[in-house]
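Note sheet for the following structure.
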Amino acid sequence: MIMFKNLNQTFSSLKVRNYRLYFIGQAISLIGTWMQTIAQDWLVLQLTHSGTQLGIVAAFQFLPVLIFGPLGGVVADRFSKRKLLYFTQSAAGILALVLGILVLSGTVRIWMVYVLALSLGFVNMIDSPARQTFVPELVGREHLPNAVALNSTEVNLARALGPVIGGGIIATIGIGLCFIFNAVSYVAVLIVLFLIHEQELQITPKASKAKNHLREGFAYIKSSPMLKNTLIMMAIIGTLSYEFSVSLPLLAQFTFHGTAATYGFLVAGTGLGAIIGGLVAAGRKKTSIRILVGSAFFFGVALGLTAWMPSVDAAFLTLAFAGFFSINFISLGNTTLQLESAPEMRGRVMSLWAMAFLGSTPIGGPIIGWIGENIGPRWALSVGGAAAILAAAYGAMALLKKERPVPIPEEVRMQEEEMEASGQTKI
């Protein structure tokens, strides 16, 4: 009976019709997103044979989040999340379709990939905080923590499946079809948004039209050491540790002398570990800074071990551990921000979380790419591992003195790994 009770708790948010539909639509779209992630990285390598270029493309994709990320949070706080998602998901699908057509026609050039990556970055600048703050409107107070953790698990299940499917398609048919499939997969999300019963949504009060929303958001975060220090930890890890879309294709091609299928296999390792970690997070009823710091530390250790594994299979196993601790760090860090944030400030706080996680890539991506190309892919991963351990040390000094297990209120805990879902995917 206890087993069934725990199982019921793990999947409790799926009882809500609106969220169940959204979950199904996201499942289809996320597989396409991960297929495009693999395909775009491999396309850049085919066009340039350069790790630095991989980092530059990643930088273009996340540059809007770095520069204008807080503005995206203001938009999410000011307008209907559902209407914003109609726009952002449609735009992301069109961009994927354009890239697919360019590849299939043989006319694609690296500068076109730059332009499309930058355009997707502007879409995700709004899409990320809108999607995150849409989840509480779907499930309400009672099921929010569980829905957040299930979102994370869903993202990582797609991470395990999408790269394997994408790598197989690239190896047998070609890169272009991965982009086409991703474009079509966004249709599922648009259909689901249409089917959602608006009267059942629990709409968050919109922010006022007053000026200085950005300044207000920065001042709010500065006033809270917990918010500020958690964001600093994420900024360190986001800059150097989460550059897998740069380091793993280099590891697959130049260290293990593999193909796109090899790259997909390595990414699937992180996804497998993250699925298990996400399910653990889904059943967690308390948040703890001690677990947040520990997750960052062991994430760094797992990356360091991966860097020096002698074979693809061994790297797959250590990447699974990295995925497990990664998702726990992301989920707990996200939850910590939600616990400390007032509801009317949540969009702005989460936009800065996106800025730390994704917006740091224009800085870290080219650095990790240069290291991977000129010193070696193993050293690129090692730097990422060291950065995560450094972040854990900072968190231990800054946050553990305030450590206490805190029950997770039902209205909090927006899932950040969801940020990986929208085509701004940062592995």
**Study point:** Neighbour-count order for 172, 336, fewest beta carbons within 10 angstrom listed first
**Key:** 172, 336
Revision key, fill the gap. Extension length gain for residue 224 and residue 203 (0.36 nm per residue less Cα distance), in nm, is 4.9 nm
Study note, to complete from the structure: Exposure proxy check on 185, 241: fewest-to-most Cβ neighbours within 10 Å is 185, 241
Check your understanding: the chain: Rg/Rh from Cα coordinates, Kirkwood Rh?
Key -> 0.94
Check your understanding: What helices does the chain have that are whole DSSP H segments, at least 18 Å long along their own axis by Cα, and with mean Kyte-Doolittle hydropathy of 0.5 or more?
Key -> 51-78, 81-104, 110-172, 176-195, 225-240, 260-282, 289-307, 312-340, 377-399
Point to revise | Footprinting exposure proxy for 118, 358, 337 (fewest neighbouring C-beta atoms within 10 Å first) | key: 118, 337, 358
Point to revise | Charge context of residue 366, other residues only, Cβ under 11 angstrom, K/R +1, D/E -1 | key: -2
**Study point:** Dimensionless Rg/Rh of region 111-201 - Kirkwood Rh, Rg from C-alpha atoms
**Key:** 1.03
Check your understanding: Any idea what the relative contact order of the chain is, in percent, if you count C-alpha pairs under 8 Å spaced at least 6 apart?
Key -> 31
Revision key, fill the gap. Measuring from its Cα centre, the chain shows a charge dipole (+1 at each Lys and Arg Cβ, -1 at each Asp and Glu Cβ) which, in debye to the nearest 20, is 960
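Every number in this text was worked out from the coordinates using simple rules, so none of it is lab data. From a predicted model like this one, the values you see are computed outputs, not experimental measurements. Virtual Cβ from ideal backbone geometry, glycine too; neighbours counted across all protein chains shown.
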